[in-house]
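These notes concern the structure reproduced below.
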Amino acid sequence: MTKKSNTYKPDWVPENAGKEFATSVVKGVNPKDIKKTEKSVKTRKHLEIADYVNGVLGNDRVILARTITLIESNSASHNETAQKVLKEILPNTGNSLRIGITGVPGAGKSTLIETLGVYLISKGHKVAVLAIDPSSTVTKGSILGDKTRMENLAREENCFIRPSPSGGTLGGVARKTRETMLVCEAAGYDVILIETVGVGQSEITVRSMVDFFLLLMIAGAGDELQGIKKGVIELADALLINKADGDNKPRALLAKTDFSMALHYIQPATKGWRTEAHTCSAATGEGIKEIWDVVEKFRDITGANGVFSERRKNQTIEWMNKMIEEKLLSEFYDNGEIRKELEKISGKVLEGSALPPAAAETMLEFYKKIRK
Ligand SMILES: Nc1nc2c(ncn2[C@@H]2O[C@H](COP(=O)(O)OP(=O)(O)OP(=O)(O)O)[C@@H](O)[C@H]2O)c(=O)[nH]1
Ligand SMILES: [Mg+2]
């Protein structure tokens, strides 16, 4: 042990000592001298902005998940950090195909995402699965259960599944999902699939953040429009009739013909593109390649005619405007003085001594006054 190292000879060693005696001693290690390993960054409670940024850009799944947790947090300081991280990674975002998938409960959205996701990964894509489920405030995120449903997909190295952020308004959930999408893009995911249940307003919100919007349907018993409002069909870039397998296949094909006819009378959601009806079986995989071919064709056509980038630009501005609206609303409604005044004037409205328009006017005047 002549090498200069942190070992030294013990004070005393018997002559001709064999291996059974320690012939050198290792100095104790000062914890401060331990180099921080990759692992310690992950488990550290506090991460610097640079740790988040490097982790995301390096597709470190643990850091990626922690960044999303930061985004989803309702704490102002977490959000401040999240915004700084987002700003840093912004140049690395946008390089993905963003696809929204909607449909009535039980249409097979999660099953489709699983089958499509596995197919895309086999083609070399990296797939992130997000969800917008405003009802999850109550159910605590039904897609959580989906993670077990998407078992094969969840096992894939090139897949990242994130349940819907729970709690808050649809607007709040949407903001978080938009930001999460950017983070996933920066981490190299080139296909983003966003599942949303086709009831209420959430499909309009998802439409406003994706490039391609897919409406998943099932051949209904009798009424082919099965409660899907015409408005939702107008948002779609493709209708996909799922469960075209077994005994159900003829009905699915029939539904496809019906919808194809109906689509003639509906204005397509995207300029220069014709929304068409297709069939598939998320269970057997039939029609999955074909629907992806449709998505790619859509990307090629809208990419060439400029509609793709035009939509993205509009969406960015729309996002900003939504944020302004939300901030203004919360500034108003979260203000203690406003709340008190609002309660008073609501009483007057209820007893009929003030009309709603006049009461609203009074409230805005009050707001302007306290802002000064
Ligand atoms: N036969 C058949 N069954 C399917 C197919 N796709 C989905 N299913 C079944 O339909 C049921 C609902 O599927 P999900 O994928 O959970 O549907 P979902 O649209 O995600 O439902 P929610 O998340 O509750 O809105 C499950 O029992 C699936 O196994 C299909 O292509 N063929
Ligand atoms: Mg589902």
Residues of the range 348-372 classified as small (Gly, Ala, Ser), surrounded by 12 or more Cβ atoms within 10 Å (Cβ to Cβ) and over 24 Å from Gly171 (Cβ atoms), total: 3
Output for the range 91-117, where each listed residue is away from ligand 2 (no atom under 16 Å from the Cβ) and among the β-branched types (Val, Ile, Thr): Thr93
When restricted to Ile204, Ile192, the only residue more than 16 Å from ligand 2 (Cβ to nearest atom) and in contact with an Asp or Glu (Cβ under 8 Å, 6 or more places away or on another chain) is Ile192
Can you find a residue in the range 220-228 that is modelled with pLDDT of 95 or more and among the polar types (S, T, N, Q)? no
Check the range 331-338 and report whether any residue there is surrounded by 11 or more Cβ atoms within 10 Å (Cβ to Cβ) and of a type in the set (Phe, Trp, Tyr). yes
If you go through the range 178-204, how many residues are within 16 Å of ligand 1 (Cβ to nearest atom) and modelled with pLDDT of 85 or more? 5
Quick one: in the range 302-330, which of the residues that are farther than 24 Å from Arg371 by Cα, touching a residue at least 40 places away in the same chain (Cβ under 8 Å) and of a type outside the set (A, V, I, L, M, F, W, C) is surrounded by the most Cβ atoms within 10 Å (Cβ to Cβ)? Thr302
Pick from Lys289, Lys249: which is assigned to a helix (DSSP H, G or I) and either within 13 Å of ligand 1 (Cβ to nearest atom) or not assigned by TED's automatic domain parsing to the domain that holds Arg178 (or both)? Lys249
Test result for Ser136, at pLDDT below 90, surrounded by 18 or more Cβ atoms within 10 Å (Cβ to Cβ) and farther than 16 Å from Ile218 by Cβ: yes
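The values are calculated or read from the model by the stated rules, or taken from the named source; none is laboratory data. In this text the structure is predicted, and so the values were computed from the model without any measurement. Note: ideal-geometry Cβ built from the backbone for every residue, glycine included; neighbour counts use all protein chains shown.
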